[in-house]
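To start, the structure itself, in structure tokens.
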Amino acid sequence: SSGINAEYGDFSHLQLSLTSSEMKVMLLQITLLSWFTNVLCAQSDVAPDPAPTSLRDEVAALKEQLREESLNLREEMNSLFGDNLSNLLLLQVIDLIKEVKDMQGLSQVQGQKIEDMESKLAEKIEGMESKLVEGFKELETTQAEINKKRESKLIETIEEMESRLVDNIEVAESKLSNDMRQVGSKVAKVDNKIEVRRSELRLISQQKLTWQNSTYGGKLFSEYAVDGVYTGSGDIWGLNPIQHMGGNQRNFMLIIDLGGFFKIHMVKVWNRADCCQSQSLGVMVYADEELLGSLNEAKLLYDFKANDHVYARKIYLKQGIPNWLNLREVQVFGTGPYGEGEEIDT
């Protein structure tokens with residue numbers, strides 16, 4: 001430029017065959033060679049290292065070679081540019097300064113752009129955060145409304161179910177009450193029937209369990225005394241079987257288990273019809289521990305009427321003397337059954 005030419009001289013008459021980049025490279029080489037030579041020279045001033053002599057000689061030769069190359073480069077530059085070398089270097093420095101300033105300006109511009117981008121990005125992020133917060137608030141509000149609706153619907157459903165349950169319970173209670181009344185009525189009727197049944201004077205010994213000490217001939221069992229067969233036939237082994245002990249010992253007995261606690265009114269004892277009515281003389285008749293009478297004469301039928309309030313579970317026919325015990329039938333008449341300790345008016 002004209003300002004530079006006025007200040008540092010006109011270099012337009014120089015016919016240079018080197019390009020600007022080549023000159024910059026040469027200047028850089030000179031600078032590096034000078035710096036490296038100075039470093040080596042400075043190191044040479046330090047106290048000698050106890051290294052081998054051959055290594056010190058090589059270092060001294062390298063320093064000398066660098067000095068020569070630096071001087072050769074300077075002589076080449078002087079032959080090319082002569083006295084204008086310093087001005088040329090100055091121009092190169094000025095160009096470098098301009099380039100640095102341009103780079104600084106570009107850096108500032110880029111920094112401003114980056115700041116603008118950061119500012120815009122921050123604004124966008126803030127906007128997105130604000131929208132996100134608003135969205136979350138709207139979502140919370142919507143969810144709260146949905147929860148309230150669900151809760152309200154659930155409460156209505158529960159109340160409706162409770163109402164139905166109460167109605168069903170009331171219906172069930174009413175039906176159960178009616179059923180209970182009907183059952184109570186039926187139970188009362190059954191109780192009445194039972195009370196009527198047990199208050200009836202009836203035969204209570206037929207087909208009940210029996211026992212005796214021994215059996216005559218192994219066939220005239222104790223249950224024949226309550227089988228309900230007491231005809232006038234003399235066929236004791238067939239049509240009209242009798243109960244018959246297997247021996248004529250004292251204290252042999254026939255036991256009839258009534259199967260409950262009955263009030264005893266009468267006991268009928270049917271003696272055998274074929275013969276030998278005297279073989280059962282001496283037999284005593286008991287209702288549990290209550291003595292009702294004894295067989296003291298030979299005849300076909302004995303009637304033993306019980307005193308009032310005689311209750312028993314079993315009837316005992318016990319031989320009091322060394323004699324046989326063989327009977328056609330034993331009939332016990334009474335009422336019941338009753339519970340033990342139950343007060344009976346009849």
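Filter region 199-221 for residues that are within 23 Å of Gly336 (Cβ to Cβ), out of contact with any helix residue (DSSP H, G or I) (no Cβ under 9 Å at 6 or more places or on another chain) and part of a loop (DSSP other than H, G, I, E, B); which is least open to solvent (accessible area, probe 1.4 Å)? Among those residues, the one meeting the criterion is Ile204.
Yes/no per residue for (1) part of a strand (DSSP E or B); (2) open to solvent by 40 Å² or more (accessible area, probe 1.4 Å); (3) aromatic (Phe, Trp, Tyr); (4) at pLDDT 90 or above:
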{"position": "Gln182", "(1), (2), (3), (4)": "no, yes, no, no"}
{"position": "Ser185", "(1), (2), (3), (4)": "no, yes, no, no"}
{"position": "Asp191", "(1), (2), (3), (4)": "no, yes, no, no"}
{"position": "Arg197", "(1), (2), (3), (4)": "no, yes, no, no"}
{"position": "Glu223", "(1), (2), (3), (4)": "no, yes, no, yes"}
{"position": "Val229", "(1), (2), (3), (4)": "no, yes, no, yes"}
{"position": "Trp237", "(1), (2), (3), (4)": "no, yes, yes, yes"}
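In region 247-266, of all residues being under 60 Å from the mean Cα position of the chain (by Cα) and of a type outside the set (A, V, I, L, M, F, W, C), the one that is most open to solvent (accessible area, probe 1.4 Å) corresponds to Gly259. Residues satisfying the criterion are absent from region 298-313 (criterion: touching a helix residue (DSSP H, G or I) at 6+ places or on another chain (Cβ under 7 Å) and surrounded by 18 or more Cβ atoms within 10 Å (Cβ to Cβ)).
The values are calculated or read from the model by the stated rules, or taken from the named source; none is laboratory data. All values reported here derive from a predicted model rather than from experimental measurement. Counting neighbours? That spans all protein chains shown, and the Cβs are built from the backbone with ideal geometry, glycine included. Quick note on the areas: whole protein, heavy atoms, side chains included, nothing else; ligands and nucleic acids left out. Shrake-Rupley method; radii C 1.70, N 1.55, O 1.52, S 1.80 Å.
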